[in-house]
1. If a residue must be open to solvent by 30 Å² or more (accessible area, probe 1.4 Å) and either in a loop (DSSP other than H, G, I, E, B) or closer than 21 Å to E141 by Cβ (or both), how many such residues does the stretch 179-203 contain?
2. As an exercise: evaluate V155 against (1) open to solvent by less than 70 Å² (accessible area, probe 1.4 Å); (2) within 19 Å of S174 (Cα to Cα); (3) among the β-branched types (V, I, T) and give the number of the one condition it does not meet.
3. Restricting to the stretch 118-152, and then to whatever is in contact with a Pro (Cβ under 7 Å, 6 or more places away or on another chain), open to solvent by 40 Å² or more (accessible area, probe 1.4 Å) and of a type outside the set (D, E), can you tell me which residue is nearest to A222 (Cα to Cα)?
4. Would you mind stating whether G71 is touching a Phe, Trp or Tyr at 6+ places or on another chain (Cβ under 7 Å), at pLDDT 85 or above and either open to solvent by 80 Å² or more (accessible area, probe 1.4 Å) or small (G, A, S) (or both)?
5. Identify, please: which residue in the stretch 208-242 is farther than 17 Å from N123 by Cα and small (G, A, S) and is, among those, surrounded by the most Cβ atoms within 10 Å (Cβ to Cβ)?
Amino acid sequence: METLWGWLVFSALALSLASAATQDVCQAPDGRNGAAGTPGRPGRPGLKGQRGDPGAPGIRTGIRGIKGDEGDPGPPGNPGKMGYPGPNGPLGAPGAPGLKGIKGNPGDINAQPRPAFSAVRRNPPTGGNVVIFDLVITNEEGRYQSNSGRFVCAVPGYYYFSFQVVSKWDICLSIMSSRRGQLPFSLGFCDINSKGTFQVLSGSTVLQLQQGDQVWIEKDPAKGRIYQGSEADSVFNGFLIFPSA
């Protein structure tokens, strides 16, 4: 126990002496800077900074130069959209006559259509205003209908029609024609008979007909009495003059 106590006292005395010796020693001056070391490796990129405020516009100090030479034309652009059609221009001058065509083949009269008919009244049905000529004299191509008294056109063209009707009384007759989509056409003829003798009322016309048109004779309901007997005949005729397109 005495030995341990003696060791502690010795250690404390040694530390006190060492501290006093250190305080009495003078500090030496700083030495010179050493040589620069090797540059270190680049550091990592920093974060992106915020966008700065716009700068003030620059001051124009130069003098405007003269206009330069015209440049080369650029390539053609794409075609634009088609515009609206303009108004019609004025009618141009007639052109020069064309060359004479080649002579065509001779026509064949026998191959041409020749509708024609002629019919008289002998024993027609009674009733109605259509004058029926029941006895057919000729009916080329069969276009006249003796049961109805009507001619039905099959070949478009210009036709001649005529009638001669015998009567002892006042009489009014009309040549009628029907056209598709139109009102019937009427051409009237009248005769006054004050003596009660045989008189002939006649009429004729030229009509342009299309396929399906019809032609007939029609009487006035009040003045349409026709003589019926063996002493005289009433006749209705028609034929094609020339065809048309």
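1. Residues that pass the stated criteria total 12.
2. The single condition V155 does not satisfy is (2).
3. N129
4. No.
5. So, considering only residues that are farther than 17 Å from N123 by Cα and small (G, A, S), the one surrounded by the most Cβ atoms within 10 Å (Cβ to Cβ) is G238.
To keep it simple, each residue is scored yes or no on (1) open to solvent by less than 90 Å² (accessible area, probe 1.4 Å); (2) aliphatic (A, V, I, L, M).
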| residue | (1), (2) |
| --- | --- |
| G65 | yes, no |
| P76 | no, no |
| G80 | yes, no |
| P87 | no, no |
| L91 | no, yes |
| P94 | no, no |
| P97 | no, no |
| I102 | no, yes |
| G107 | yes, no |
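Rundown of residues vs (1) at pLDDT below 85; (2) closer than 24 Å to A154 by Cβ; (3) more than 42 Å from the chain's Cα centre (by Cα), yes/no style:
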| site | (1), (2), (3) |
| --- | --- |
| A93 | no, no, no |
| G101 | no, no, no |
| N105 | yes, no, no |
| D108 | yes, yes, yes |
| A116 | no, yes, yes |
| V120 | no, yes, yes |
| D134 | no, yes, yes |
| T138 | no, yes, yes |
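The values are calculated or read from the model by the stated rules, or taken from the named source; none is laboratory data. Nothing here was measured: the structure is a model prediction, and the numbers come from that model. Cβ coordinates were reconstructed from backbone atoms using ideal geometry, including for glycine residues, and neighbour counts include every protein chain displayed. All accessible areas refer to the heavy atoms of the entire protein, side chains included, with ligands and DNA or RNA removed. Shrake-Rupley method; radii C 1.70, N 1.55, O 1.52, S 1.80 Å.
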